[in-house]
Amino acid sequence: MTGPKPWLDSHDPETTGQLVEGKELRAGLARFMLNYQFAIEEIMTKINILKTEFEHLHDYSPIEHVSSRLKSPDSILDKARRREIPLTLAALSEHITDIAGVRIVCSFNADAYWIAQMISSQQDITVVTTKDYIANPKANGYKSLHLIVKVPIFLSESIQDMAVELQIRTVAMDFWASLEHKIYYKYDHAIPAAILAELQEAAEVASRLDSKMERIHDDVHGKLIRSTRS
Ligand code: 0O2
């Protein structure tokens, strides 16, 4: 008897232990990834609530814009092969934590930490890892606050905790990162030393701009006391 295939449960060893190969691959991955799309929607709702509430209370929002992306099946498989991760749904969901990505662009450095804290302290969110490239920029000058969080999605027959990568950064950091990303790909991941040095310098300029704008903002409006949940 043929019928619709069951939903793949990323925690069910019966389905997730199987290699996702050949013809089954695309269909299996597409179903698997739908759960990550749901996780993105859960996180986007949380961010929109914070943004709208903040605007209501303060007449401005520290969140400038938010975008999301679902990694393509080809990128997931390329990454799995590069890192020698077995091509099973269980292994992919355990080791590839950026299948679902949400990027939050904020006004100032302090906003990045406030947003991270607001999301992390929500009861249904579990923070898996935090990488603070704002306090500790990468050698090329990259700055951003990265969190891998797990958020539950409520399906008809199960509740699943899905990993989502959050990247939180200022407009200046985002401007730098998007140009650097293009240059990185143009040079096929091997940026000439002179251009790398210029990028590092540009990152410092962006960083000074962030500090200056935050100082001006605080001078004009006073330092904003952001309420925090514990
Ligand atoms: P894409 O195309 O944006 O998705 P991980 O990949 O998470 O297993 P890693 O590399 O330790 O391991 O993660 P990290 O450092 O948290 O970086 C993950 C993502 O951050 C990258 O995803 C980029 O989006 C961004 N990122 C990290 N470093 C840089 C950088 O130097 N420049 C720019 N422009 N972005 C960076 P992907 O998968 O590499 O790329």
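No value in this document is a laboratory result; all are computed from the given coordinates. Bear in mind that the values here come from a model prediction, so they are computed numbers and not experimental data. No Cβ is skipped: glycine too gets one built from the backbone with ideal geometry, and neighbour counts run over all protein chains shown.
Computed from point charges on the beta carbon alone (+1 for Lys and Arg, -1 for Asp and Glu), the dipole magnitude for the chain about its Cα centre is near 320 Debye. For the chain, what class follows from the C-alpha gyration tensor (a ≥ b ≥ c being the square roots of its eigenvalues): rounded when a/c is under 1.5, otherwise prolate if a/b is larger than b/c, else oblate? It is oblate, given that a/c is not under 1.5 and a/b is not larger than b/c. For the peptides 131-138, 31-38, the ranking by packing is 31-38, 131-138, with the highest mean count of neighbouring Cβ atoms within 10 Å listed first. The order of the peptides 101-110, 53-62 by mean Cβ neighbours within 10 Å, most packed first, is 101-110, 53-62.
In summary, the aspartates and glutamates within cross-link reach of LYS150, defined as a Cα separation below 12 angstrom excluding same-chain residues under 8 places away, comprise GLU42, GLU94, ASP98, ASP124, ASP161, GLU165. Shape call for the range 46-94 from the C-alpha gyration tensor, a ≥ b ≥ c root eigenvalues: rounded (a/c under 1.5), prolate (a/b greater than b/c) or oblate? Taking the square roots of the gyration eigenvalues as a ≥ b ≥ c, the range 46-94 is prolate. Using alpha-carbon positions, what is the distance between the centroids of the range 164-182 and the range 57-121, in Å? Taking the Cα centre of each part, the range 164-182 and the range 57-121 sit 12 Å apart. Dipole magnitude for the range 148-215: about 180 debye, using +1 per Lys or Arg Cβ and -1 per Asp or Glu Cβ, origin at the Cα centre.
Computed over the range 143-230, relative contact order equals 22 percent, with contacts defined as Cα pairs under 8 Å that lie 6+ residues apart.
For the chain, the mean residue ellipticity at 222 nm estimated from helices alone is -16500 deg cm²/dmol, where every DSSP H run of n ≥ 4 contributes -39500 (n - 2.57) and the total is divided by all residues, rounded to the nearest 500. How would the range 149-214 be classified by its alpha-carbon gyration tensor: rounded, prolate or oblate, with rounded meaning a/c under 1.5 and the a/b versus b/c comparison settling the rest? Judged from the Cα gyration tensor, the range 149-214 comes out oblate (a/c at least 1.5, b/c at or above a/b). For the chain, the longest principal axis of the alpha carbon atoms and the long axis of helix 24-58 meet at an angle near 30°.
For the pairs LYS71/LYS143; LYS46/LYS182; LYS131/LYS182; LYS79/LYS131, note any where the Cα-Cα span goes beyond 27 Å. Cα-Cα > 27 Å for LYS46/LYS182; rest within.
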